Structure formats: structure tokens, C-alpha cells
Amino acid sequence: MSLPPIDTDYFTKFLVELLNIASPTGFAEPAIAFVEKELSRYKQLELFRTRKGALVAKWGIENDEAPVALTAHVDTLGAVVKEIKHTGRLKLSRIGGIQWPSVETEGVWVFTSQGGKIRGSVLIDNASGHIFGQAGTDTPRNDDHMEVRLDVRTTSEQETRELGINIGDCVAFDPRVEVTNGFVRSRFLDDKACVANLVAAIKSMADAGLSPKRTVYFHISNYEEVGHGASAGIPSEVAELVTVDMAVVGAGQESDEFSATLCIKDSGGVYHEGLNKKMRALAEQYNISYKTDVYPFYGSDGEAFWRAGGDVALALIGPGVDASHNYERAHIDGLNATTNWIMAFLLSD
Ligand SMILES: [Zn+2]
């Protein structure tokens, strides 16, 4: 048996739209709603939200006593307003570990708690080359020195507050999405690429008139970047959980942008040997280009579930993403390999 074809145009369009929806952790509701709307097209799926705000889509099969689950996250790195400076500019507190140099001069939206949206950009606090010269280059890029310059008239804390900006308001960095020669270059491919993989796999299966062999729960997580996304929301009867999240590409890594990767070990330890074996066998069976790898600074939502007491076999697969948590890039070959691997899992016993 072969896998159903992937609608690559659909996948790319869905991914680009999702990437362009701001969804830092804690403010991911618009992205959850977007995925929910897309999945509501499939009558095979029963959709519900957890109290924490994650989306779960159940594709039920009669009399299945050992359901499986897949999880991917729509929340991303971002920031909140930490302080309003006397100049009217903003100091930020980062959500997750975005690297400051990677967002220097990036455009941002400040989403006010009253529902407003104000444009701005991230700068070092001594940015003008004509004033500070070499000092602007030498200043460390950290929480103290990076600030948001708002594209509205304000020169004081008071004026900024009058715009409706408060401490704790969400600040989202522009993703800057580009698609060229099969490459998708954007922030936050981690992990929106894998959410798109899940949605594309569901579409391919449904279009081909196929059903999974087991009852499946698709868990779309909204708190992964702070470490506890899938700690809740995976039903206790689930026997196997596949976390779908980006693979680490760069110096010393086996992963690349043109394959999917099975992660054997990351900072949280080693994944489940039995399920790893099954995922490898499926990749071989369906001729899916894959690597195995070890990720140096990485924790997954599956591990969050394990730590919360989840009793499942657990594996982690995903497409290779270059320069992760920075200005990321993936390729359609690695992305399609991941969608295929998901379908192979869905069609397995
Ligand atoms: Zn991730």
C-alpha cells in the first residue's frame, strides 16, 4: 500500500497563512481558532478545546482500546511589555528564548489589552550611528538595551499609556515569510510547520477516503515554548504519542532541511525505544527520507506529558529547520517527508 498524495500548494498556503497570525505563548488563541476553522471542514473529526485553550481533534474508530495521539504547537516565541520608559519607548520581557540579535530592527505589533494594535520596531537603545558611532555596535544585545520604538507620536511614558499600552501587553515579532525554490524562510516554523504537516496529513487521508487504523487525537498545543504545553490534554487511554516538532539543523547535527528526523535524545533524555523502532520501520516501508539525531538544547511537548505523569510510548519526529529560534528555514522535501511519516503512522496498526 502506498501513501495518498500530498497537496503541496494547499500545505504551503495554509502554512504561510498560519505563520502570518501572531501567536506568542499566552496569546495563541487566534492561531488555535484558525486551525480549528480549517479542521471543522472534516466531519470525521470531533473538535474540542481544553480548559487551557489547546485544540483537540478526535478521529474516532469504533472499538479501539488503544488510541494514539500526535501533538504539535501553534504558540511561538514573543514578548510582553515589561516597562514603559520615560522616552515613551518599551522595554520587553521575552517569552521563550528568542535571540535578541535576530530581531534587532524587526517590525512588531503591540496588542493592547483593550484590543488595539500598535506598530513599532525593535532597536538597540543607542541605535543612531551619527550619535553613538562604534558604541552602538559594541552595546550588548540584551533585555536592558533592546527597546521598541512605536510608530505613533509619543515622547513620554504618559503619552504611551494614553495610547492604551499597559505592562503585560503582547508584543509579536514579524515572521517575515518568504517562499522561494521550495524553501520556506520565516520565524516560527517551529512549530507551525508541523501543525501544517498534521493538517495536510488529515486532508490527504480524507481526500483519499482513508481512515486511520486507530482512534487518533490530534493535540494542537498552545503553551509549548514555556515548557508545559502538552502536559495536559492528551487523554489517558492514549497508548502511543508522536510529538511533531522541528528537527535541529546546523553544525554537528545529522538533520537536514530535505529530510524528516527521528530524535533519539534531547535535553529531556531519551525517547521510547519501542515506538522509535516502529517509526523507523514505517519510514523504511514507505521510503521516507529520514535521519536520526540528538538535539543539544531542546525539550519537547511529549516530554512535558511524560513529566506530568503521562503513561505512553513517546517519539519525536519533525522536518529539519535551519537556524531555529532565529530566522528559520525549512524545505518542502523535509516538510513533505514529515507529512508522509504522519500518514504512515496513522495507517499503521
Ligand atoms: Zn517547537
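Just so it is clear, none of the values below were taken in a lab; they were calculated from the coordinates. Just so you know, these numbers come straight off a predicted model, no measurement behind them. Cβ: placed from backbone, ideal geometry, glycine included. Neighbour counts: every protein chain shown.
Laid out as a table, the results:
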{"item": "Residues residue 264 and residue 109, FRET efficiency given R0 of 41 Å [Cβ-Cβ distance, rounded to 0.05]", "result": "0.60"}
{"item": "Alpha-carbon gyration tensor eigenvalues x 5, square-rooted, for the range 206-291, Å", "result": "22, 20, 14"}
{"item": "Partner aspartates and glutamates for residue 58 [C-alpha distance under 18 Å; skip if fewer than 8 residues away on the same chain]", "result": "36, 38, 46, 207, 237, 240, 349"}
{"item": "Alpha carbon Rg of the range 16-130, scaled by the compact-globule rule 2.2 N^0.38 Å", "result": "1.44"}
{"item": "FRET efficiency estimate (nearest 0.05) - Cβ-Cβ, residue 307 to residue 36, R0 25 angstrom", "result": "0.40"}
{"item": "Cβ-derived FRET efficiency at R0 45 Å, residue 294 paired with residue 138, nearest 0.05", "result": "0.80"}
{"item": "The range 136-285 - convex hull of alpha carbons, volume per residue in Å³", "result": "243 Å³"}
{"item": "Entries in 117/203; 52/278; 43/192; 192/265; 52/277 that, when Cα-Cα distance is taken, lie over 26 Å", "result": "117/203; 52/278; 52/277"}
{"item": "Packing-based exposure ordering (other Cβ within 10 Å, fewest first) of 194, 170", "result": "170, 194"}
{"item": "Contour minus Cα-Cα distance for residue 46 and residue 157 (0.36 nm per residue)", "result": "35.2 nm"}
{"item": "Within the chain, percent of DSSP bridges classed antiparallel, to nearest 5", "result": "65 percent"}
{"item": "The range 120-162: Rg to Rh, with Rh as the Kirkwood radius over Cα pairs", "result": "1.04"}
{"item": "Backbone HN-Hα couplings from phi across the range 243-257 [Karplus 6.51/-1.76/1.60, Hz, Gly and Pro as x]", "result": "7, 10, 8, 4, 9, 7, 10, x, 3, x, 9, 7, 5, 9, 6"}
{"item": "Shape call, the range 288-349: gyration tensor on alpha carbons, a/c limit 1.5", "result": "oblate"}
{"item": "Computed lengthening from residue 285 to residue 117, 0.36 nm per intervening residue step minus Cα-Cα distance", "result": "55.5 nm"}
{"item": "Positive dipole terminus of the range 63-166, leading residue within 90, 131, 120 (C-beta point charges)", "result": "131"}
{"item": "Pair residue 273, residue 82: separation of 7 Å Cα→Cβ label points (nm)", "result": "4.5 nm"}
{"item": "For the range 239-349, alpha-carbon Rg relative to the globular expectation (2.2 N^0.38 Å, N residues)", "result": "0.99"}
{"item": "Length-normalised contact order for the chain - Cα pairs under 8 Å, 6+ apart - percent", "result": "23 percent"}
{"item": "Solution diffusion estimate, µm²/s, Stokes-Einstein, the chain, Kirkwood Rh from C-alpha pairs, 25 °C, viscosity 0.890 mPa s", "result": "118 µm²/s"}
{"item": "Sequence-distant aspartates and glutamates (8 or more away, or on other chains) whose Cα lies within less than 17 Å of residue 291", "result": "245, 254, 256, 257, 266, 273, 322, 333"}
{"item": "Euclidean distance of C-alpha centroids, the range 257-304 and the range 20-91, integer Å", "result": "23 Å"}
{"item": "In nm, spacing of pseudo-spin labels at residue 126 and residue 180 (7 Å Cα→C-beta vector)", "result": "3.4 nm"}
